[in-house]
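K.L.:
Quick one: the structure is below, questions incoming.
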Amino acid sequence: DKLKRVAQRLPFLEELVAAYFCAVDPKTPLQVKAVLMAALAYFVLPMDLVPDFLAWFGFTDDAAVLYAAIKTVSGSIKPDHRARARETIERNLKPSATIS
């Protein structure tokens, strides 16, 4: 729910979704999955260091945690994870067609 609510405002949306696809990939090593799942959990949990309702400032801690996690395991986030992320974002964030 949080991702859908704030997706349009996230400058790191593609990285976030690619990290998710990496974390759920059966070929991803367990340690990498643990790092990514912890970072993703931090992003979606309502309680964190800086409240998200504080405009852009509220996402700085989320972005920092995700950046650190992704940097740590960047070799495990493959091009197919990134491609799936782009496809998912395009498919789910397109404006709804209106009937006139």
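K.L.:
Would you pick out the residues in region 22-34 that are out of contact with any Lys or Arg (no Cβ under 9 Å at 6 or more places or on another chain) and either among the basic types (Lys, Arg) or at pLDDT below 95 (or both)?
P.N.:
Across region 22-34, the qualifying residue is only LYS33.
K.L.:
For region 20-37, what are the residues that are closer than 22 Å to ILE89 by Cα and not in a loop (DSSP other than H, G, I, E, B)? Explain how you work it out, then say what you get.
P.N.:
Within region 20-37, the subset closer than 22 Å to ILE89 by Cα is 20-26, 28, 33, 36-37.
TYR20, PHE21, CYS22, ALA23, VAL24, LYS33, LEU36, MET37 - these are the residues of region 20-37 that are closer than 22 Å to ILE89 by Cα and not in a loop (DSSP other than H, G, I, E, B).
K.L.:
Now, a different point. Residues being surrounded by fewer than 16 Cβ atoms within 10 Å (Cβ to Cβ), at pLDDT 85 or above and more than 12 Å from LEU36 (Cβ to Cβ): count how many of those fall in region 62-87.
P.N.:
Taking region 62-87 first, the residues surrounded by fewer than 16 Cβ atoms within 10 Å (Cβ to Cβ) are 64, 67-68, 71-72, 74-75, 78-80, 83, 86-87.
Cutting the leftovers down to at pLDDT 85 or above gives us 67-68, 71-72, 74-75, 78-80, 83, 86-87.
After this cut, where a residue has to be more than 12 Å from LEU36 (Cβ to Cβ) as well, the list is 67, 75, 78-80, 83, 86-87.
The qualifying residues number 8.
K.L.:
Then there is this: List pairs: first residue in region 22-33 and within 15 Å of ARG84 (Cα to Cα), second residue among the charged types (D, E, K, R) and open to solvent by 20 Å² or more (accessible area, probe 1.4 Å) anywhere in the structure, Cβ distance under 6 angstrom, at least six positions apart or on different chains.
P.N.:
Cβ pairs passing all conditions: ALA23/LYS33.
The values are calculated or read from the model by the stated rules, or taken from the named source; none is laboratory data. Quantities reported herein were computed from a predicted structural model and do not represent experimental measurements. Reconstructed Cβ throughout: ideal geometry from the backbone, glycine too, with neighbour counts over all protein chains shown. Keep in mind that these areas ignore ligands, DNA and RNA; they rest on the heavy atoms of the full protein, side chains included. Shrake-Rupley method; radii C 1.70, N 1.55, O 1.52, S 1.80 Å.
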